Amino acid sequence: MACEELQSAVTTKLKALVATLTQKSKELGDDIQQKAKGIDPDIDTTGLDAWVGLDIDIKWKRVDFSLDLPEVKMVDQRWSLDLPQVTVSNQEIVFSTPSIRMKRVQTGEYPETVCKMVTKDVGFGVKIDVPECTVLWKPIYIDVPEPFMQEQRIVIGIPEFRMDRTEFVLGVPEFTMRRQDFSLDLPDITVKNINVEARTAQEKGEALSRESQARAAKLQEEFRENAKLQLGYDVTSLFDCYQQDLTTKKNDALHRFSDGISLLQNTITSMTANKVPDNDPNLMKVKTSLADLTSKRDSFAKEIEQKFVDLAAQQKGFFEKLMATA
């Protein structure tokens with residue numbers, strides 16, 4: 001059942017309770033008038049405001065009483081929230097990271113004797129092969145580590161956020177106490193002739209007046225107790241319905257914030273794993289977006305939690321008024 005239907009049920013039940021009280025008040029007044037006729041059988045009861053007799057007159061005294069009864073209505077509250085909308089676009093990030101490479105360098109030279117056979121003329125037309133040796137100096141090389149800044153290129157999906165204004169309407173119950181007025185005609189006896197019959201009639205009239213006042217007070221008390229019992233459950237259900245509606249909207253909004261925050265955190269983790277430096281503009285932008293979105297989520301959570309506090313205060317105030325009435 002929608003919250004509006006619960007509110008309508010509370011209003012309908014309250015109207016029925018008031019109608020019942022009005023009817024019972026009329027029945028009480030009619031019963032008192034019937035009993036008043038027995039005080040003096042000869043009294044003229046055709047008068048509207050006064051019954052006239054030989055020894056006594058009965059005037060009908062209007063007695064008013066009021067009850068402060070709860071009244072409920074639904075008031076639309078419009079909420080505007082900035083909720084995140086995310087798009088992811090691939091971007092190439094170019095940065096340099098310190099790396100090590102091996103570089104071959106000459107550290108010295110070492111001698112190497114190289115011999116070869118050379119034909120020589122030793123005279124008398126005789127030629128022979130003799131060894132001829134020379135010393136050659138050759139370089140000594142070693143590989144040494146050399147630091148350098150190596151260019152890195154990665155393509156990564158960078159989330160981009162915009163905050164779109166989202167509006168929704170909440171039907172908030174508002175309770176007020178509205179005064180309902182009721183009235184009864186009670187007998188007021190006037191003795192015109194002092195005699196035994198008149199004295200007896202006066203005593204009967206005074207007793208009837210006390211009875212009518214007591215019955216009227218009891219009628220009011222029974223109404224209050226009945227209203228407390230019948231309205232208490234329905235009003236609690238109405239507050240529960242509103243709380244559920246508010247909780248649903250709260251969870252939906254927080255889910256959207258949570259998705260955005262998770263995406264940003266994952267992006268930062270991925271960029272860090274790829275050794276993107278902390279001062280890289282893209283990484284700094286993502287971190288700023290994360291801080292901003294987290295702050296907006298916290299503000300929203302604080303604002304909507306205050307709505308729950310306000311709702312609980314309304315519910316408490318209503319039952320305090322209902323108990324005071326009862």
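Where a number appears in this text, it was derived from the coordinates with a stated rule and is not lab data. Because the structure is predicted, anything quoted here is derived from the model rather than measured. Please note: Cβ atoms are built from the backbone with ideal geometry, for glycine as well, and neighbour counts cover all protein chains shown.
A few comments on the model shown:
- The range 3-57 and the range 225-296: distance between their alpha carbon centers, rounded to Å: 59
- Ranked by the mean number of other Cβ atoms within 10 Å per residue, highest first, peptides 122-130, 42-50, 223-231 order as 223-231, 42-50, 122-130.
- By the compact-protein rule of thumb, 2.2 N^0.38 Å, the alpha-carbon radius of gyration of the range 189-326 corresponds to a ratio of 2.39.
- Across K275/K296; K249/K316; K228/K316, pairs whose alpha-carbon gap is larger than 18 Å: K275/K296; K249/K316
- Net lengthening on full extension, K316/D280 (0.36 nm per residue, minus Cα-Cα): 7.5 nm
- Inter-probe distance in nm under a simple model that places probes 7 Å from Cα toward Cβ, at N226 and E5: 2.7
- Qualifying lysines (Cα of each under 23 Å from Cα of K116; at least 8 residues distant if same chain): K127, K138
- By average C-beta atoms within 10 angstrom, highest first, the peptides 210-218, 259-267, 140-148: 259-267, 210-218, 140-148
- Compactness index (Cα Rg / 2.2 N^0.38 Å), the range 245-291: 1.48
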